[in-house]
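Okay, so here's the structure we're looking at.
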Amino acid sequence: MKLWHRAASLRFRLLAATLVALALALLLAGVLLSGLFRDHVMRQFETALTQQLDQLTARLELDAAGQPLIDPRALSDPRWQKPYSGLYWQLDRVSGDGLSRVGVLRSRSLWDTQLSLLADELADGALHVHQGRGPLDAPLLMLERKVKIAEQSAARWRIVVASDMQEVTGAVDSFNGVLAASLAVLLVLLALAALAQVALGLSPLRAMQRALADVHEGRTQRLQGRFPTEVQPLIDDFNAVLDRNTEVVVRARTQAGNLAHALKTPLSVLDQAAAGTLAVHDSELARLVKEQVGLSRRHIDWHLARARVAATQRLPGQRTAVGPVIAGLVRLMERVHAARGVAIIVQAPDAPLFFAGEEQDLQEMLGNLLDNACKWARSAVMIAAEPVMGSAPPQMQIHIEDDGPGIDAVHLASVGARGVRLDESVPGTGLGLAIVQDLVGLYGGDLSLQPAAGGGLRASLRLPAALAADAGTVGQSVRA
């Protein structure tokens, strides 16, 4: 799951980075396109006004009194005649000091108003473009030119044309709205494309996560599946590590077996020698040797079991069917305790239940608990196995309950310690529960001892599981 969370985080980071880059790119493109469109519209607008200014300049004449005259009928655009139409012209006289006398002539569209111009110095024929305010406080684009009439070289005139910019700004705003909506739709489409690309690009990580889950839950011992050529080398290296780990574990188990054989052989010789001596005559030394040899064998088994589990507890792909192990132990206990007539009842789940560990370790744990239950039971022992629903990673529980005298609360805390025996009348070394607790701890599980409902003892094991599917526990009881 950690790999999946990391893959999800990577997917989020990639998607977020892609969306931020796309948003910035589209924002920049939108600003650029909006500016280009505005500049284009303004150039067209200015060109149209320049044509109007040229037309006015061409129509400028002097009457018989030497006063400037522009015949309105010679102007083609009807907006010159409509008050506040948005298209205006004005003629000013430029005095010798460069200042203008405003409103010598003006268009009918100005009605009773005049255009306010900047008191700037213009060269003859030069064109100035600026913005200002006109009738009804409307924003205007103004073009002005200083001209001289040949017949009267001493006089200078300033011709101004102005037009309302609301249509231009309206067109620009409309374009910006359409552009923003188009870029927003484009951003959504690009985001979906980026999401699909990121999901497709990270799909090998999801396949790897499923393969790792199969290994972790014991369904396989190696990463299996088809992966892209870019990911396959990583899969091969990971499988090589798993194979190497398996080889190391097998070698460690072989060495542990050799050590056990090397130690048990001299112990068997000592045990046989002590038994032979006791067969001839009663000897305190022979009894002591035989007792210590048996104790040493149990200690050797215990420590070898710890060493084996320490080497294999994290070995991936371990998978042991619980049902056959329980059935085998039940048959063995029925033979060992046949004289006592103890009935062993098994409650099993419908679906197969698997222990994520070594079969020998499961036999060791269940064998010790079942043997203790049979020793103390009056008539019956119950063993039940079930998966723990909703656990992550998967876990299972095995309960072993007897109808014996039980253990009081004062001794429950110490009964699992090494060598502790509450009743010397029952055979044993006091190592059984200690071995179970050590094995359970090495597998990351839990062992709890509680008084049973019928007065006996209830031992509950919680162990890692390798479940092929969710299994529900059924209430049927069968005689093993």
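The values are calculated or read from the model by the stated rules, or taken from the named source; none is laboratory data. Keep in mind that what you see is a predicted model, and the values were worked out from it rather than measured. All Cβ positions, glycine included, derive from the backbone under ideal geometry; neighbour counts span all protein chains shown. Each accessible area value is taken on the protein alone, full model and side chains, heavy atoms only, with ligands, DNA and RNA left out. Shrake-Rupley method; radii C 1.70, N 1.55, O 1.52, S 1.80 Å.
Can you run down the residue pairs with Cβ atoms below 7 Å, 6 or more apart or on separate chains, where the first is in the stretch 231-260 and touching a residue at least 60 places away in the same chain (Cβ under 8 Å) and the partner is open to solvent by less than 90 Å² (accessible area, probe 1.4 Å) and of a type in the set (Ser, Thr, Tyr)?
Partner pairs satisfying both residue conditions: 249/312.
Take the stretch 340-362 and flag every residue that is closer than 26 Å to residue 453 by Cα and assigned to a helix (DSSP H, G or I).
Residues satisfying the conditions are 340, 362.
Table: residues versus (1) at pLDDT below 90; (2) within 23 Å of residue 219 (Cα to Cα).
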| position | (1), (2) |
| --- | --- |
| 339 | yes, no |
| 343 | no, no |
| 346 | no, no |
| 370 | no, no |
| 378 | yes, no |
| 382 | no, no |
| 397 | no, yes |
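Which ones in the stretch 158-210 are within 22 Å of residue 85 (Cβ to Cβ), in a helix (DSSP H, G or I) and open to solvent by less than 30 Å² (accessible area, probe 1.4 Å)?
Once the filter is applied, which keeps residues that are within 22 Å of residue 85 (Cβ to Cβ), in a helix (DSSP H, G or I) and open to solvent by less than 30 Å² (accessible area, probe 1.4 Å), the stretch 158-210 yields 168, 172.
So which residues in the stretch 443-480 are at pLDDT below 80 and buried (at least 20 other Cβ atoms within 10 Å of the Cβ)?
467, 471
Taking the options 343, 392, 377, name whichever one is surrounded by fewer than 17 Cβ atoms within 10 Å (Cβ to Cβ), more than 23 Å from residue 465 (Cα to Cα) and either free of Cβ contacts under 8 Å to residues at least 40 places away in the same chain or out of contact with any Cys (no Cβ under 7 Å at 6 or more places or on another chain) (or both).
343
Of everything in the stretch 49-72 that's open to solvent by 50 Å² or more (accessible area, probe 1.4 Å) and part of a helix (DSSP H, G or I), which residue is modelled with the highest pLDDT?
Filtering the stretch 49-72 for residues that are open to solvent by 50 Å² or more (accessible area, probe 1.4 Å) and part of a helix (DSSP H, G or I), the one modelled with the highest pLDDT comes out as 51.
Which residue is most open to solvent (accessible area, probe 1.4 Å), if the candidates are limited to the stretch 211-235 and must be more than 26 Å from residue 358 (Cα to Cα) and assigned to a helix (DSSP H, G or I)?
Ranking the qualifying residues of the stretch 211-235, first place goes to 234.
Given the criterion at pLDDT 85 or above and touching an Asp or Glu at 6+ places or on another chain (Cβ under 9 Å), identify the matching residue among 103, 86.
When all the criteria are applied, what remains is 86.
If I filter the stretch 7-23 for residues that are modelled with pLDDT under 85, among the hydroxyl-bearing types (Ser, Thr, Tyr) and assigned to a helix (DSSP H, G or I), do I get at least one hit?
Checked against the condition, which is being modelled with pLDDT under 85, among the hydroxyl-bearing types (Ser, Thr, Tyr) and assigned to a helix (DSSP H, G or I), the stretch 7-23 yields at least one hit.
Assess whether residue 43 counts as being surrounded by 15 or more Cβ atoms within 10 Å (Cβ to Cβ) and charged (D, E, K, R).
no
Can we say residue 24 is of a type in the set (A, V, I, L, M) and surrounded by 15 or more Cβ atoms within 10 Å (Cβ to Cβ)?
Numbers: of a type in the set (A, V, I, L, M): yes; surrounded by 15 or more Cβ atoms within 10 Å (Cβ to Cβ): no.
No; evaluated as a whole, the condition is false for this residue.
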